[in-house]
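Data first, discussion second: the structure below is written as structure tokens.
We did not get these values from a lab; they are worked out from the coordinates using the rules stated. The shown structure was predicted, so the numbers you read here are calculated from the model rather than taken from an experiment. For neighbour counting, all protein chains shown are included, and Cβ atoms are generated from backbone atoms with ideal geometry for every residue, glycine included.
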Amino acid sequence: MYSTMDFLKLIFDGSVFEPHRAHFFDTPIAMDLSVYGNAFSFLAYLLIPVVIIYFVRKRRDLYLNWMVLLFGAFIFLCGLTHLMHVLIFWYPAYYLQAIISVVTFLVSAATAVAMLYFLPIIVSLVSPEQMQQANKSLSDEIKSRESKLGELAVKKEELKKASENLILKNEELENFNRIMANRDSAVKELEAQLVDIDNKHA
């Protein structure tokens, strides 16, 4: 039964196997190509998760950010396998390489399942072009409503002025009616006086 220390020693101990460079003594160019190719691949794979983390930190409002981070973990582990390919040329930690490969497989499988499961949701997300068109339609609708509100305001002002003019005309008519009523009353009084005068002379 292995203890924890024995297990860790088995994983990180490079003395169990011979370095991978032992197979390239006659073909150093092939080893150099493999080393440099894997090293630069690791750097490229390392850069992508850094960009993803920066992106997620800046856009916390985005939907399914956790899946983006899961994809970043998958990319990082893929890069780590390339780094192990370089390491085993000098330090043959094959057990560690195997464990990293298994973890990479598990994360890759989880990423693939998550992407397949959420694919319909991702496809249905509004594209920037659709969002731009929706914003343009909304902007046009707002301008149309503002124009109609402006027209209503003008008509309201016109109606207010017409109402004020009607009130003035109504006041003028009432004044005229009062004048006419006073004149009729004066005429009647005058007629009454003339009748009295006629009666006295009769």
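In the distance distribution for region 139-195, Cα-Cα pairs more than 18 Å apart total 65 percent.
Remark: the chain carries a charge dipole of roughly 480 debye about the Cα centre, counting +1 on each Lys and Arg Cβ and -1 on each Asp and Glu Cβ.
Here's the picture: charge each Lys and Arg Cβ at +1 and each Asp and Glu Cβ at -1 in the chain, and of Asn38, Asn175, Phe55 the one pushed furthest to the positive end of that dipole is Asn38.
Candidate membrane-span-like segments in the chain, meaning DSSP H helices with Cα atoms spread over at least 30 Å of their own axis and a Kyte-Doolittle mean of 0.0 or above, are 28-58, 65-87, 94-124, with no membrane implied.
Sum up the charges of everything whose Cβ sits under 14 Å from the Cβ of Val154, counting Lys and Arg as +1 and Asp and Glu as -1, but leave Val154 out. Every neighbour counted, the sum reads +1.
For region 47-105, chymotrypsin sites (Phe, Trp or Tyr not before Pro) are listed when DSSP marks them as loop and at most 16 other Cβ atoms sit within 10 Å of their Cβ; the list is Tyr63, Trp90. Going from the residue with the fewest nearby Cβ atoms within 10 Å to the one with the most, Ile52, Ile122 rank Ile122, Ile52.
What is the sum of charges, Lys and Arg at +1 and Asp and Glu at -1, for the other residues whose Cβ falls under 14 Å from the Cβ of Arg178? Combined, the nearby Lys, Arg, Asp and Glu give -3.
Cβ crowding within 10 Å, taken as a proxy for footprinting-reagent exposure, orders Ser185, Ser124 from fewest neighbours to most as Ser124, Ser185. With one equal scatterer per alpha carbon and no solvent term, the Debye-computed log10 I(q)/I(0) for the chain at 0.13 1/Å reads -0.97.
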